[in-house]
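Bear in mind these aren't lab numbers, they're just calculated from the coordinates by the rules spelled out. Because the structure is a prediction, the values reported are computed rather than measured. Note that each Cβ is placed from the backbone with ideal geometry, even for glycine, and that neighbours are counted across all protein chains shown.
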Amino acid sequence: MGKKHQTPLLDELKKGKWISFVKEIERAAEKSERTEDLLGQVEESYRDKVNHWKHGGMAGVKGYGAGMVGRFSEFPEKYPGIKECHSMRIIPSAGFFYNSDFLRKLADISEKHAGGLLNFHGATGNIQILGMSQAEAEDAFQAIAELGFDLGGSGSDLRTPSCCAGQARCEFANYDTMKICYNLTEEYQDELHRPAFNYKFKLKFSGCANDCVASAARSDLAFIGTWKDKIKINQDEVKNYTKKFNVQKYVLDKCPTKCMWFEGENLVIDDENCVKCMHCINEMPKALRAGDEKGASILIGAKAPLVTGPRMGMMLVPFYDINEDAKNDYEWLKGLISNMWEFWDEYGVSRERIGELIGRVGLNTFLEGVGLEPVPEMVEHPRSNPFIKFTEDED
Amino acid sequence: MTDETKKKVEDKIVGLVKEYAGKKRFKPIDIVKEMEKEFASEGLTKDDIKGALKEIMDEEKLVYGYAGGSFLTLPENQ
């Protein structure tokens, strides 16, 4: 069967040995006319160097204000199959674990109700079914619900919380990322499905500073696993590593605070100055391990560009005893989040992320508003001065 | 909150969105703040108003739209 639309520019993207999204869309287009139209419009986008989508509008399922991202073609007569080409967001399992039965059934739903294209996982962490029309949304949603899954966040709401695989698969995880991610997802169903905020709010959980879900850069509230006490050293294994590669060059010289050195054949670490960046542990996992007093640092305010450009998260709580709080169903954390949302509701303006609000009103005002005491470790950037100003009568 | 007060809040919210249809987009939080002021004398809390709003959305008297941010609007058939 010949191609419905000629796509010379997209064809270029099939050359070479790397994976091509064009090849995958073409495979889906063999079964779906609407996906054929998608190829035609994407070709025009490459030619014109602009995308031809109209974003937003009204797309959703009954009772939910989130979970569908509306997209409409600028050329509905030329590409009728993608006149509506919405994305349906589905909350992934914590840690992204699925069985093959679920994946097959989800693929069937995607082929039946959309264009046969799935996104695992989008930048938001959600599973996405691409190319859905409003008329198909309700049936697709019911089919997904029968599989035990639910729609994710979109718009001005709590976006789908996401986490790394944590203790399920990773020896570096300092807390159970999947447990807290699941717990808060269940707790905040209303906030996820009913957009009631000034703008979006994201929660991401990483088990260690390797930050596999990029929480420090991409979530309003980031949880990064860390520890309080000393790094555990196995000196015999350190000696083995020195025989395998240049430990001085690749580990010690790359330590951001230069807090480690050799005394004779023994490795010494000045733990007071260690910033728990994980570099040495990544390089010598048999020789070095995180300490026993494990928890998480909470960072606030990261975001990708829109109103005032990209920003990294700022240290808000240097050490949160997450494992202890887990025993109380994360009561302390839920109280903190509730205070933050109250403050943001009250003082935030339209399309202002919480980090931007803190930048506007000042950290002191924010801390007072949410009931946290200022501490010197609340730094905006690594190794920069805190911007809390202490008065002379304060310690 | 009594059923009577809840009905009053719901009517007020839907009426406000209808009155400004095509002129102003109300974010849910704007509506909550507005109703908090409006019904301050009756001692309604933010949670009461959020609850009333939830029922309005469940009954599809209003629906959510999106244009850079989420807003409340009338269903398309209205």
Would you mind computing, in nm to one decimal, how far apart the modelled labels at residue A:339 and residue A:351 are, each placed 7 Å from Cα along Cα→Cβ?
-> 3.1 nm
Counting only backbone N atoms under 11 Å from a point 7 Å out along Cα-to-Cβ of residue A:31, the residues of the stretch A:79-97 in range are none
Stretch residue A:236-residue A:289 to full length: gain in nm at 0.36 nm per residue minus the Cα-Cα span?
-> 17.7 nm
Roughly what would the spin-label model give for residue A:249 and residue A:304, points 7 Å off Cα along C-beta, in nm?
-> 3.7 nm
Going fewest to most other Cβ atoms within 10 Å around each Cβ, A:242, A:124 line up as A:242, A:124
Please work out the FRET efficiency for the pair residue B:5 and residue A:46, using the Cβ-Cβ distance as r and a Förster radius of 60 Å; give the result to the nearest 0.05.
-> 0.55
Which pairs break 24 Å Cα to Cα here: A:249/A:276; A:54/B:23; A:204/B:54?
-> A:204/B:54
Taking Cα atoms only, helix A:235-244 is inclined relative to the longest principal axis of chain A by an angle, in degrees rounded to 10, of 60 degrees
Cut-off 13 Å between beta-carbons: net charge of the residues surrounding residue A:349, Lys and Arg +1, Asp and Glu -1 = 0
If a/c stays under 1.5 just call it rounded; otherwise compare a/b with b/c (prolate if a/b is bigger, oblate if not). Do that for the protein assembly as shown, with a ≥ b ≥ c from the square roots of the Cα gyration tensor eigenvalues.
-> oblate
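Roughly speaking, what is the stretch gain from residue A:271 to residue A:18, that is 0.36 nm per residue apart minus the C-alpha to C-alpha distance, in nm to one decimal? Each step should come with its number before you reach the end.
On the way: separation 253, 0.36 × 253 = 91.08 nm, distance 4.37 nm.
Result for the pair: 86.7 nm of gain on full extension.
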Rounded Å value of the spacing that divides the Cα centres of the stretch A:224-273 and the stretch A:76-145 = 47 Å
Distance cut-off 15 Å, percentage of C-alpha pairs in the stretch B:3-73 lying past it = 48 percent
Based solely on its DSSP helices, what 222 nm [θ] is calculated for the protein assembly as shown when runs of n ≥ 4 H residues each add -39,500 (n - 2.57) and the sum is averaged over all residues, nearest 500 deg cm²/dmol?
-> -10500 deg cm²/dmol
Likely footprinting exposure, A:275, A:370, B:9, fewest C-beta neighbours within 10 Å first = A:275, A:370, B:9
Per-residue Cβ contact counts at 10 Å, fewest first, order A:274, A:164 as A:274, A:164
